[in-house]
Amino acid sequence: MKGGRHAAQATAVQRDRIVMVKELGCICCQMNRADGRPTAFFGMAEAHHLLSGGRRRGHEFTIGLCQWHHRGVPPFESARASDMVRTFGPSVATGSRAFHERYGTDDELLEYQEQLLAGARAFLEEAKV
């Protein structure tokens, strides 16, 4: 592995999981919506690989984050980072400590993501019947 950034190729099952993670959207925006707060993004999310000791934990350890919550990129050019944090919450890229204080630990976020995936899979299975 070079510099801890390159992981092994994802298997077909892992790729399918990552696609579903992206399609389910940003879990932080979903948490905001559930709490009656504004959301930064609607639509496809980016897959954020969770780390342990500065290294990716693997393809099954991914959560969906929008461009703001993942990379600190506002959804529109005129937005200031301070306004984005105040309105939509912190980004993992611009303040990991504040991000985790608001949204939970990596393991808590992964658990929430897994619950969303389980619900989506159950819905898809039921739709097949």
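The values are calculated or read from the model by the stated rules, or taken from the named source; none is laboratory data. Quick caveat: nothing in here was measured; it's all calculated off a predicted structure. No Cβ is skipped: glycine too gets one built from the backbone with ideal geometry, and neighbour counts run over all protein chains shown. When the accessible area is computed, the model is the full protein with side chains, heavy atoms only, and any ligands, DNA or RNA have been set aside. Shrake-Rupley method; radii C 1.70, N 1.55, O 1.52, S 1.80 Å.
Inspect all residues belonging to region 84-100 and state whether any of them is in a helix (DSSP H, G or I), open to solvent by less than 20 Å² (accessible area, probe 1.4 Å), within 14 Å of CYS28 (Cα to Cα) and at pLDDT below 95. Talk me through it step by step, then tell me what you get.
Step one: of region 84-100, the residues in a helix (DSSP H, G or I) are 84-88, 96-100.
Subset that is open to solvent by less than 20 Å² (accessible area, probe 1.4 Å): 84, 99.
Among the residues that remain, those that are also within 14 Å of CYS28 (Cα to Cα) are: 84, 99.
From what's left, at pLDDT below 95: 84.
Yes, region 84-100 has at least one match.
Within region 112-119, is there a residue that is in contact with a Leu (Cβ under 6 Å, 6 or more places away or on another chain), closer than 21 Å to ASP35 by Cα and either open to solvent by less than 60 Å² (accessible area, probe 1.4 Å) or in contact (Cβ under 8 Å) with a residue 12 or more places away in the chain (or both)? Even if it seems obvious, please write down each step before you answer.
Let us first name the residues in region 112-119 that are in contact with a Leu (Cβ under 6 Å, 6 or more places away or on another chain), namely 116.
Among the residues that remain, those that are also closer than 21 Å to ASP35 by Cα are: 116.
Restricting the remaining residues to those that are either open to solvent by less than 60 Å² (accessible area, probe 1.4 Å) or in contact (Cβ under 8 Å) with a residue 12 or more places away in the chain (or both) gives 116.
Among the residues of region 112-119, at least one is in contact with a Leu (Cβ under 6 Å, 6 or more places away or on another chain), closer than 21 Å to ASP35 by Cα and either open to solvent by less than 60 Å² (accessible area, probe 1.4 Å) or in contact (Cβ under 8 Å) with a residue 12 or more places away in the chain (or both), which makes the answer yes.
Can VAL13 be described as free of Cβ contacts under 8 Å to residues at least 12 places away in the same chain and of a type in the set (Val, Ile, Thr)? Give the steps one after another, and end with the answer.
Values: free of Cβ contacts under 8 Å to residues at least 12 places away in the same chain: yes; of a type in the set (Val, Ile, Thr): yes.
Yes; evaluated as a whole, the condition is true for this residue.
Quick one: which of GLY54, GLY104 is more than 11 Å from the chain's Cα centre (by Cα) and at pLDDT below 90? Show your work before the answer.
Numbers: GLY104 fails: at pLDDT below 90.
Exactly one of GLY54, GLY104 is more than 11 Å from the chain's Cα centre (by Cα) and at pLDDT below 90, namely GLY54.
At pLDDT 90 or above and surrounded by 16 or more Cβ atoms within 10 Å (Cβ to Cβ): is that true of VAL19 in this structure?
No: the conditions fail for VAL19.
Could you list all residues from region 22-80 that are over 19 Å from ALA98 (Cβ atoms), exposed (fewer than 13 other Cβ atoms within 10 Å of the Cβ) and either touching a helix residue (DSSP H, G or I) at 6+ places or on another chain (Cβ under 7 Å) or not hydrophobic (A, V, I, L, M, F, W, C) (or both)?
GLU23, GLY36, GLY43, SER52, GLY53, GLY54, GLU77, SER78
Could you check how many residues of region 35-59 are farther than 15 Å from GLN113 by Cβ, part of a loop (DSSP other than H, G, I, E, B) and charged (D, E, K, R)?
2
Read through the list (1) assigned to a loop (DSSP other than H, G, I, E, B); (2) within 29 Å of GLN9 (Cβ to Cβ); (3) small (Gly, Ala, Ser), then give the number of the only condition that GLY119 fails.
(1)
Which condition number in (1) open to solvent by 50 Å² or more (accessible area, probe 1.4 Å); (2) touching a Pro at 6+ places or on another chain (Cβ under 7 Å) is the one that LEU124 fails?
Every listed condition holds for LEU124 apart from (2).
Under 8 Å by Cβ, and 6 or more places apart or on different chains, what pairs join a residue from region 39-67 that is in contact (Cβ under 8 Å) with a residue 60 or more places away in the chain with one that is of a type in the set (Ser, Thr, Tyr) and buried (at least 17 other Cβ atoms within 10 Å of the Cβ)?
LEU50/THR62
Among residues belonging to region 65-78 that are assigned to a loop (DSSP other than H, G, I, E, B) and closer than 29 Å to MET20 by Cβ, point out the one that is nearest to the chain's Cα centre (by Cα). Full working, then the answer.
Within region 65-78, the first condition is being assigned to a loop (DSSP other than H, G, I, E, B), and the residues that meet it are 66, 72-78.
Imposing the further condition that a residue be closer than 29 Å to MET20 by Cβ reduces the set to 66, 72-76.
Details: CYS66: 7, GLY72: 12, VAL73: 14, PRO74: 15, PRO75: 15, PHE76: 19 Å.
Per the stated criteria, the residue is CYS66.
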